[in-house]
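Every number here is computed from the coordinates shown, using simple stated rules; none is lab data. Given the structure is predicted, the values throughout are model-derived calculations rather than measurements. Ideal geometry is used to build each Cβ from the backbone, glycine not excepted, and the neighbour counts take in all protein chains shown.
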Amino acid sequence: LVVLGIETSCDDTAAAVVRGNGEILSQVVSSQADLLERYGGVAPKMAEEAHLQVIDQVVQEALDKANLTARDVSAVAVTIGPGLSLCLRVGVQKAHKLASSFNLPIISIHHMEAHALVARLIEQELHFPFMALLISGGHNLLILARELGQYIQLGTTIDDAIGEAYDKTAKWLGLDMRRSGGPALEELAQVGDAESIKFSTPMKQHKDCNFSYAGLKTQVRLAIESRNINAEIPISSASCQDRSCRADIAASFQRVAVLHLEERCERAIEWARKIEPSIKYLVVSGGVASNQYVRTRLDLIVKKKNLKLVCPPSSLCTDNGVMVAWTGIEHFCMGRFDPPPLADEAEDFVYDLRPRWPLGEEYAEGRSNAR
Ligand code: ATP
Ligand code: FE
């Protein structure tokens, strides 16, 4: 079994070829970092254009690196949501074209499920049920994965995701945004004093597992304004004193942003154990999971709770094609796929795209517990 995975839900165009046993035959990512820097965020129309420009090349390169042609793969897995519909469409269209030309089954993939399940590719012992904290640019999710395709949502964000807070803070601090803001902010925080500014931890009074980062963003913005930091002056040109002030803000922000994750995880583990007492693992995945401080802090929580942490390597935490191909393999093995599309569907065919697509049921008891 060999599956080609295609991912275009946001700003990365990615493809990969993975074998049924988890062997990664190739992995290609083309990122739109330069566009992001120029426009300060993802503009859907421009992101679509950028995907269209590189999709054929990215998929071809993934096949070439695997020493295969489309004829040799068993199925095509593609992200159909959640994400920007204009962007999703580029990947889905490409998957359909390949599938109809080469008579391949199609597997429709949930982007956040893929972020979680890729952990099973790197950790053989990770069986269901397990817990997952998914932290990225658009999502903050605490999930109990009971079975393949059967998820309970223990918590989600009521406003922004942590990745968005990292990106905005990095921008306001005048960091180099050619990569996304997260890695630049993590680096700066290492030389700052995390105790210097006492930002308050979000949602202290809410005894649930939901997240909120909008308030922390505002606290950070006010701290930056009151210290007269000018984001127009890049940190590389800032004075020594200005630079250390920015580092203090970065470190103080990071401490509280991650403390919020720690508190929510601790409670979520207790909730999850009421439903599935046998859980052994917490998976932490999504772009922000590549952050070393996040990993270290969550490892402490997980140990305290007698669980094991599984955190995929950085290249599999941020958006990638491997997670899509692997999740495709998991579903394919359970017989969950669509037959090859008809060749004449191409022109005005309405693709199944799911820009908003919750992952699993909300944990109802959690809501009443919160009050
Ligand atoms: P989603 O998965 O919610 O649809 P996305 O696909 O755009 O969002 P990912 O590629 O999964 O996001 O993650 C990107 C996010 O991860 C960005 O917000 C980025 O700043 C953040 N990120 C990446 N590396 C780090 C890091 N080292 N520290 C903190 N944040 C990071
Ligand atoms: Fe993602």
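What size of dipole, in debye to the nearest 20, comes out for the range 1-98 about its Cα centre when the only charges are +1 on Lys and Arg C-beta atoms and -1 on Asp and Glu C-beta atoms?
The dipole magnitude comes to about 300 debye.
Which Cα, out of 68, 189, 269, lies furthest along the positive dipole direction of the chain (beta carbon charges, K/R +1, D/E -1)?
269
What would the Debye equation give as log₁₀ I(q)/I(0) for the chain at q = 0.11, 0.14 Å⁻¹, counting only Cα atoms as equal point scatterers?
Here log10 of I(q) over I(0) equals -0.76, -1.17.
With r defined as the distance between the Cβ atoms of residue 206 and residue 128 and R0 fixed at 25 Å, what FRET efficiency is calculated, to the nearest 0.05?
Rounded to the nearest 0.05, the efficiency is 0.30.
I need to check one value: relative contact order of the chain, counting alpha carbon pairs closer than 8 Å and at least 6 residues apart, in percent.
Relative contact order here is 25 percent.
For the chain, with a Gaussian network of springs between Cα atoms less than 10 Å apart, report the residue from 26, 200, 239 with the top mean-square fluctuation.
Residue with maximal mean-square fluctuation among 26, 200, 239: 239.
Going by alpha carbons, how many degrees (0 to 90, nearest 10) lie between the helix axis of 85-102 and the longest principal axis of the chain?
Its long axis makes an angle of about 30 degrees.
Taking the Cα centre of the range 56-97 as origin, sum charge times position over the Cβ atoms of Lys and Arg (+1) and Asp and Glu (-1), and report the length of that vector in debye to the nearest 20.
160 debye
Say each of residue 49 and residue 61 gets a label point 7 Å from the Cα, pointing the same way as Cα to Cβ; how far apart are those two points in nm?
That separation, rounded to one decimal, is 2.1 nm.
In the range 68-130, if the dipole is taken from +1 on Lys/Arg beta carbons and -1 on Asp/Glu beta carbons about the Cα centre, which of 81, 129, 95 is farthest to the positive end?
The listed residue farthest towards the positive side: 95.
Which residue, chosen from 173, 21, 205, occupies the Cα position most advanced towards the positive end of the dipole of the chain, where the dipole is computed from +1 (Lys, Arg) and -1 (Asp, Glu) charges on Cβ about the Cα centre?
Checked the options; the winner is 205.
Explain nothing, just compute: Karplus ³J(HN,Hα) = 6.51 cos²θ - 1.76 cosθ + 1.60, θ = phi - 60°, for every residue of the range 252-264 in order, whole Hz, x for Gly and Pro.
The phi angles translate into 5, 4, 4, 4, 6, 4, 7, 4, 4, 4, 4, 4, 5 Hz.
Which is the longest stretch in the chain that no exposed loop site breaks, taking sites as GluC sites (Glu not before Pro) with a DSSP loop state and at most 14 other Cβ atoms within 10 Å?
Excluding the exposed sites themselves, the longest stretch runs over 233-346.
Nothing charged except the Cβ atoms of Lys and Arg (+1) and of Asp and Glu (-1): what's the magnitude of the dipole of the chain about its Cα centre? Round to the nearest 20 debye.
In total the dipole reaches around 1260 debye.
Can you give me the Cα centroid spacing of the range 290-342 and the range 215-243 in angstrom?
What the calculation gives is 35 Å, centre to centre.
I need to check one value: relative contact order of the range 23-111, counting alpha carbon pairs closer than 8 Å and at least 6 residues apart, in percent.
Relative contact order of the range 23-111: 30 percent.
Antiparallel DSSP bridges in the chain: what percent, to the nearest 5?
If we restrict to bridges inside the chain, about 55 percent are antiparallel.
What is the set of long-range amide H partners of residue 77 at a cut-off below 5 Å, with H atoms built 1.01 Å from backbone N?
Sorted by chain and number, the residues that satisfy this are 4, 5, 6, 107.
Would you please give the residues with an amide H less than 5 Å from that of residue 281, counting only those at least 5 places away or on a separate chain, with H modeled from the backbone geometry?
Result for residue 281 returns 131, 308.
Kindly provide the Kirkwood hydrodynamic radius of the range 54-192 in Å, to one decimal, from all pairs of distinct alpha carbon atoms.
One decimal place: 17.8 Å for the Kirkwood radius.
Please check which bits of the range 206-244 a label hung off residue 193 would reach, taking the label as a point 7 Å along Cα-to-C-beta and the cut-off as backbone N under 19 Å.
The answer is 220, 223-229, 239-244.
Cut-off under 24 Å on the C-alpha distance; same-chain residues fewer than 8 positions from residue 171 excluded. Which lysines are left, in chain and number order?
Here the lysines satisfying the reach criterion relative to residue 171 are 45, 198, 217.
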